[in-house]
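Worksheet for the structure shown next.
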Amino acid sequence: MLSLKIPCQGSPEAPSFSGCPKDLRSYFDDISNSCDGYGLLDGLRHIKLALKYVPFESADLWSHFVEESGGDWTSFTSEVGQLYPELEESSK
């Protein structure tokens, strides 16, 4: 069985989210690219990886959307994005 070497949180190779809303879309893109690179193609794996690399407070809050999204990455990122209304204001 092939063993994946997914970087530890805080390592230079790991995706990271600063907690700043303006960095959210970039973080989600980094997660998607990482998952694609590791061959993790289903949405639930994307979500789990996204939760692994965010600060604890964000992971705790975002985890409420895992079940609600049905494991769909697009739904999850949309629901999390709604937690940051300033993102919508900046896109106007």
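We did not get these values from a lab; they are worked out from the coordinates using the rules stated. The shown structure was predicted, so the numbers you read here are calculated from the model rather than taken from an experiment. FYI the Cβ positions are ideal-geometry reconstructions off the backbone, even for glycines, and counts take in every protein chain you see.
For this structure, a couple of remarks:
- A cut-off of 5 Å between modelled amide H atoms, ignoring neighbours fewer than 5 places along the same chain, links S16 with no other residue.
- For segment 80-88, 3J(HN,Hα) per residue [Karplus equation, 6.51 cos²θ - 1.76 cosθ + 1.60, θ = phi - 60°, Hz, x = Gly/Pro]: 5, x, 5, 6, 10, x, 5, 5, 5
- Percent RCO, i.e. relative contact order, over the chain, from Cα pairs under 8 Å lying at least 6 residues apart: 25 percent
- Only lysine pairs 8 or more places apart, or on different chains, with alpha-carbon atoms under 21 angstrom apart are counted in the chain, and they number 4.
- Residue-count net charge about P12 - beta-carbon cut-off 15 Å; Lys, Arg +1, Asp, Glu -1: -1
- In the chain, the longest principal axis of the Cα atoms and the axis of helix 43-53 are about 80 degrees apart.
- Rounded to 10°, Cα long-axis angle of helix 24-38 versus longest principal axis of the chain: 20 degrees
- The Rg/Rh ratio of segment 21-90, with Rg taken over Cα atoms and Rh as the Kirkwood radius over Cα pairs, comes to 0.94.
- Residue-averaged [θ]222 nm for the chain, counting only DSSP H segments that reach four residues, each worth -39500 (n - 2.57): -16500 deg cm²/dmol
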